[in-house]
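Peer 1: Have a look at this one.
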Amino acid sequence: MIKLLRLLQGYVLFEATGGFSERFVNLCKINSIVLWGMENDGVKVKAFTTLRCFQKLDLVAEKSGMTVNAISRKGLPTFINSHKWRLGAVIGLGFIVVVIWFLSGYIWSVEIVPDGGVKINGFTDAIEEIGIKTGARKSEIDIVSIQEELMNRFPELSWVSVNIFGSKAQVEYIYAAPQKKIIDASKPSNLVASKDGKIVLVDGYSGVNKIKVGDNVAKDSLLISGVVKKSDLSEYFVRAQGRVLAETKNKLSFSCDLEAKAFIVKSVKPSYKLNFFFFTIPLGLQRENKNSYSVSVPLKGNETDLPVGIIRVDNLEATQADIVLSSSRAMLDCLLQSVLCKRDEYGDADVKKVVFTVRDSADSVILESEILCIEDIALEKELLIEEN
């Protein structure tokens, strides 16, 4: 503790020569000048004293006929005095450290990672509404509640995870095809075919298998029965459960009109904004309208988007007009519809082959597709029991 106080006050190592050394030491004691680490050989005195006491030594040295010289100065006052020209830099550095520490408690960037690249409409707006956005306070984010909220809002999700790495929020999710309707588990049921197909696998968990591999079945055919017979020929009822894979042929048809409405862009007038953490600063005159769209170009550091960058806003001057699509453009629109339908209806299926056929009519293009796939055709259906 004494060493710490001496460092804070500052101290001096000095040497006093000539004159009367004993008188010098006695006068130091009388004038309350603190000395330590003293060496006195009768000719010279070498010792440590505080910075404040060193300023009193001139009077004592004059009365004892000695000359005092400082050998070295130590402590905080000496350090500050020798580095006072750097004080502004130190204060600036301290300010930067405080600002970074403060901003580290906020989200700087948000990354959405969809499994398989499947994007969901409205997902970005939803997470911002819930609280995952640039400028959100990390301590106020309840990850478990947000994950539950997202699962409730988007039933097409089978899994979602929110993670925070430093000042970056990452949202991962897995898209799932619509689930089959499950009836009350306490009620007996059958498994029937949801469509025509050729059986390739029967994996029954409970109930009685009514088909075998290689059978061709029609829609609504009984696959696994919930009626089980005992050895005495009496019957009891169970909930049939299992998996029945079949090779199915599915035909889809989409049409696209050649006549359509489109926006014709006459001119593009860009404007710019500076994005600085949670603030947006317009740069020059802004001309935004209902046809404007913006692109953010953030600075990157260590492969991470920083909350600083430029926002380019393209302001479009456009008019709506009737146009006639080419056959190839209309076919692409039909193909897009087909792909989206395939994603929703055959997400869990093993697609073996897809054949497309395109037909032109007077005012539209028709795209027909035949999808050959292996899928689970088992559909649970409640077993109705008549009471005598």
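Peer 1: Would you calculate a helix-derived [θ] at 222 nm for the chain, using -39,500 (n - 2.57) for each DSSP H run of n ≥ 4 and dividing by the full residue count, to the nearest 500? Working shown, then result.
Peer 2: Working: 9 runs with 92 residues, N = 388.
Estimated from H runs of four or more residues: -7000 deg cm²/dmol.
Peer 1: Still on this structure: Regarding segment 238-388, what's the average projected area of the Cα-atom convex hull, expressed in nm²? Show your work: numbers first, answer last.
Peer 2: Values: hull surface 76.8 nm².
Result: a mean projected hull area of 19.2 nm².
Peer 1: May I pose another question? Ranked highest first by average number of other Cβ atoms within 10 Å, how do 193-201, 100-108 line up? Don't skip to the end; give the middle numbers.
Peer 2: Numbers: 193-201: 17.1, 100-108: 13.8.
Packing order, densest peptide first, comes out as 193-201, 100-108.
Peer 1: Return the single residue from Ile146, Ile366, Ile91 with maximal mean-square fluctuation; model: Gaussian network over the chain, springs between Cα atoms under 10 Å.
Peer 2: Ile91
Peer 1: Helix 21-30: angle to the longest alpha-carbon principal axis of the chain, degrees 0 to 90, nearest 10?
Peer 2: Between the helix axis and the principal axis of the chain, the angle is about 60 degrees.
Peer 1: Which of Ala330, Ala176, Ala362 moves the most in a Gaussian network model of the chain with Cα springs under 10 Å?
Peer 2: Among Ala330, Ala176, Ala362, the largest mean-square fluctuation in the Gaussian network model of the chain belongs to Ala362.
Peer 1: Something else: In whole Å, what are the Cα extents of the chain along the three principal axes, biggest one first?
Peer 2: Extents along the principal axes, in whole Å: 127, 77, 36.
Peer 1: Let me have the relative contact order for the chain, percent, based on Cα pairs under 8 Å that are six or more residues apart. Before the final figure, lay out the partial values.
Peer 2: Details: 731 pairs, mean separation 52.1, N = 388.
This gives 13 percent for the chain.
Peer 1: Lysines within cross-link reach of Lys251: Cα-Cα under 26 Å, excluding same-chain residues under 8 positions apart?
Peer 2: Straight-line reach from Lys251, under 26 Å: Lys119, Lys180, Lys181, Lys195, Lys198, Lys212, Lys219, Lys342, Lys352, Lys353, Lys381.
Peer 1: Could I ask something else about it? Assigning unit charges at the beta carbon (Lys, Arg +1; Asp, Glu -1) and nothing else, what dipole magnitude in debye, to the nearest 20, does the chain show about its Cα centre? Display every interim value, and only then the final one.
Peer 2: Numbers: 48 positive and 48 negative charges, 557 e Å.
Charge dipole, the chain, about its Cα centre: 2680 debye, nearest 20.
Peer 1: Kindly list the residues of segment 353-374 that lie in the label zone of Ser326, defined by a backbone N under 16 Å from the point 7 Å along the Cα-to-C-beta vector.
Peer 2: Only 365 pass the distance filter.
Peer 1: Using a 10 Å cut-off on Cβ atoms, rank the peptides 290-298, 373-381, 58-66 from the highest mean neighbour count down. Each step should come with its number before you reach the end.
Peer 2: Values: 290-298: 12.3, 373-381: 20.0, 58-66: 16.1.
In decreasing order of mean packing, 290-298, 373-381, 58-66 become 373-381, 58-66, 290-298.
Peer 1: Here is a follow-up. Applying 1/(1 + (r/R0)^6) with R0 = 45 Å to the Cβ-Cβ distance of Ser267 and Asn81, what FRET efficiency is obtained, to the nearest 0.05?
Peer 2: 0.10
Peer 1: How far is helix 87-103 tilted off the main Cα axis of the chain, in degrees rounded to 10, range 0 to 90?
Peer 2: That works out to roughly 30 degrees.
Peer 1: Another question, then. Take Ser231 and Trp36, extend 7 Å from each Cα along the Cα→Cβ direction, and tell me the distance between the two endpoints in nm.
Peer 2: 10.0
Read-outs: derived from the displayed coordinates by stated rules, not from any lab. Just so it is clear, the structure is predicted and the values come from calculations on it, not from any experiment. Please note: Cβ atoms are built from the backbone with ideal geometry, for glycine as well, and neighbour counts cover all protein chains shown.
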